[in-house]
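Since the structure comes first, as C-alpha cells, the remarks are kept for the end.
The values are calculated or read from the model by the stated rules, or taken from the named source; none is laboratory data. Treat the numbers as computed from the prediction; the structure is a model and nothing was measured. Cβ coordinates were reconstructed from backbone atoms using ideal geometry, including for glycine residues, and neighbour counts include every protein chain displayed. Accessible surface is based on the protein model in full, side chains and every heavy atom, while ligands, DNA and RNA are left aside. Shrake-Rupley method; radii C 1.70, N 1.55, O 1.52, S 1.80 Å.
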Amino acid sequence: MAPTQSIVPVKPIKTEISRNDFPEGFVWGCGTSAYQVCNILDGTNGNIAVDMYSRYKEDIRMMKSMGFEAYRFSISWSRILPGGKLSLGINQEGIDYYNDLINTLIANDIKPYVTLFHWDLPYLLEKEYGGFLSEKIVYDFRDFAELCFWEFGDRVQHWITLNEAWTYSCQGYVNRIFPPGNGYGFGGDQMNPRDNSVIDQRKELEIGQLEKGIDELGKMAENEDLGVSFVPYRGVRVESQETFVFNNKTIVLRKLMSPPRDKAADKERAKEAYTVARNLLLSHAAAVQSYRKKFQEHQKGKIGITLVTHWFEPLNDTEKDRKAAKRALDFMLGWFLEPVLRGRYPQNMMDYAGHHIKPFSPEESNLLRGSLDFLGLNYYTAWYATHDDNPDAAEGYYRDQKTGSSWLYIVPWGIYKLLKSINDAFNNDTDKLPAIYITENGCDEQNNHKLTPNTASQDTQRQNYFRDHLAKILEAMNKDHVKIEAYFAWSWCDNFEWYDGYRSRFGIVYVDYKNDLQRHAKDSAKWFAKFLQK
C-alpha cells in the first residue's frame, strides 16, 4: 500500500502570459527520470529518492489538477532487465509497474513521453564489456528498446531514445562526476574504469564521506549591472561544505576541486568520451531503425532524441570569439545533432579533434541520417565563449575546443538565439529539421534545511525564469517561424540531482525531506496552474 501523502492544494497565482498565446495543440508537460525520483556520496543515494515509485498516483493527480497534459519520465533499463540482456531474464514486476504508471497517466488525460535511457545503465553490462565504451552495447540497447516498444507501445506515442548524450559522454567520462563516474572520486583515488571493485567501494562509503577530484568546469559570479542571476549547471562545483537533514539523518556534504591530471589521463578521457558518444549515437540509430521497421506503422507513434546545450555568446565582438562560440556549440550540440540529421560529425570537431574521433561508415551514416521524428532539446543556461590559443587543459576534450566558457547565467534570450540558430542551420530541404520539443527547462535553488516548506516554496526566481523563457520561445515561434510543439518544465518535484544529491532543488513541487517526503506546491506550481488555464 502506498504511504499517505499530504498535498497542499494548488491555488493559481497571477501570470502575465498564458497557454492561449501559444498555438492550439501545443503540448504542456513536466518531467522527471527514473533514478532521480525512485537516497550519492553526500550520504544519500537514489534508492528511495522522493519515492515517486510508491506515490506516482497522487503525483499524477496533482499534475492533472495543475493543467499539465503530458509527463516525461524514463524507464529504468535495470528495472525491467536486471542483467541488461533479454537472455538474462525479464523482471515482470518492473513491466507491471510501468504498465500501471502509463495506464494511470492515460486515465488522468496525461500523455506519456518516455525516455529509454537516462544514464542508469545495468551494472552487469558495464562489468562485462565496459558499457557504452563497447559497440556491443548497440545490440543490447536495441533489444531493451524493442522490449519497451512491444510492452508499452500500444499506449506510448512519443519515445525518446537517449537523454543528453553530451552529459553522459562528457560528465561521465571526461570529468567523471556523473554516471558511470569512473576515475577521480569516491575518496580521491583514481580508479581503473574497468575495476570491478568500484561498486563495492561505493557501498562502503558512509555519510559524510568526501568526494574529491571534481573538475571546476566554470566559475560562478554575480554582476548586478547585467541584470541577471547566476545558477550552477549540473556538475559545476567549487570547494564547499554544508550540513542538511534528509530522512532524519544529518548529512555533511564536502566537495573539493580535482587534483592536477597529466596529459596522458586527459587524452585517454577524451578518447573514451568520443567513443562513448559514437556508441550512444549508434544505439539511438539502431533503436529508431527497429521502431520504424517493426512497430511504427501499427502503433502510430513518434521517436526522437533529447539533446542538451547551452547557448554560447562570443565574449568579445571579434571574428576569433565568434568562431569560438560556434565551435563550442558544435562540441556540445552539433556533436550529436549533425549525425542524426546529416549522418556526420560537425566539421569543427573533425578539424580540431579528428585524431580522436572514428568516422561513421557509409552504412552507419545512412542509419543515422534523419533518425528522428522530433528533436528534444534541453536548455538551462548560456555561457560566454572566447578563443584560447593555450587552454588550461593539457590535452583532451577541453583543449580540443580551444574555448573558455566560465559563467553560468539565467539568460532567457539565450534560448531564443539557440532556437533561431538551429532553425537557420537545419530547417532546409536537405537536413529536414523536425519539430522541436523543449524537453527540459528550469532552474534550481540550493537546499536550505532551515527554511519551512512554506518559506522554501516562495520561488519567485523560478516563476520569472519560466515566464521569461516561455516568452522567448514564443518569440522564436512567431518571429522566426521555429516549429516548436511541446514544452516540459524541469522538474515536476525536487529530486535526486545525480552528483548534487539532494542539495539542489529543481522542482515546482517542494518535497519535505524531513517529514515523510510530503509534497507542497511551490509558487511556481501555482504560476503554472494559472498559466495553463484554457
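Structural remarks
- Among 138-144, 173-179, sorting by the average number of other beta carbon atoms lying within 10 angstrom of each residue, highest first, gives 173-179, 138-144.
- Cα-Cα over 22 Å, subset of Lys320/Lys479; Lys450/Lys522; Lys127/Lys271; Lys136/Lys326: Lys320/Lys479; Lys136/Lys326
- Projecting label points 7 angstrom from Cα along Cα→Cβ for Lys300 and Lys320 puts them 5.8 nm apart.
- Label separation (Gln533 vs Glu485): 3.0 nm, computed from points 7 Å beyond Cα along the C-beta direction.
- The range 456-520, accessible surface, carbon-and-sulfur percent (1.4 angstrom probe): 41 percent
- Stokes-Einstein diffusion for the range 292-372, with the hydrodynamic radius set to the Kirkwood value over Cα pairs and evaluated at 25 °C in a medium of 0.890 mPa s, equals 169 µm²/s.
- Under 12 Å from the Glu445 label point (7 Å along Cα→beta-carbon), backbone N, the range 467-506: 505-506
- Peptides ranked, highest mean first, by Cβ atoms within 10 Å: ranges 409-422, 113-126, 438-451: 113-126, 409-422, 438-451
- Here the Karplus relation 6.51 cos²θ - 1.76 cosθ + 1.60, evaluated at θ = phi - 60°, turns the backbone of the range 318-331 into coupling constants of 10, 4, 4, 6, 5, 5, 5, 5, 5, 5, 4, 5, 5, 6 Hz, with x for every Gly and Pro.
- If the chain linking Gln157 and Asn464 were pulled fully straight, counting 0.36 nm for each residue of separation and taking away their Cα-Cα distance, it would gain 107.3 nm.
- At full extension, Asp429 and Lys293 could sit 46.6 nm farther apart than now, given 0.36 nm per residue minus the alpha carbon distance.
- For the range 437-514: span of alpha carbons on each principal axis (Å, largest first): 47, 24, 15
- Sites Lys64 and Asp389, calculated FRET efficiency, Cβ-Cβ separation with R0 60 Å, nearest 0.05: 0.60
- Highest mean packing comes first when the peptides 267-274, 425-432 are listed by Cβ atoms within 10 Å, giving 267-274, 425-432.
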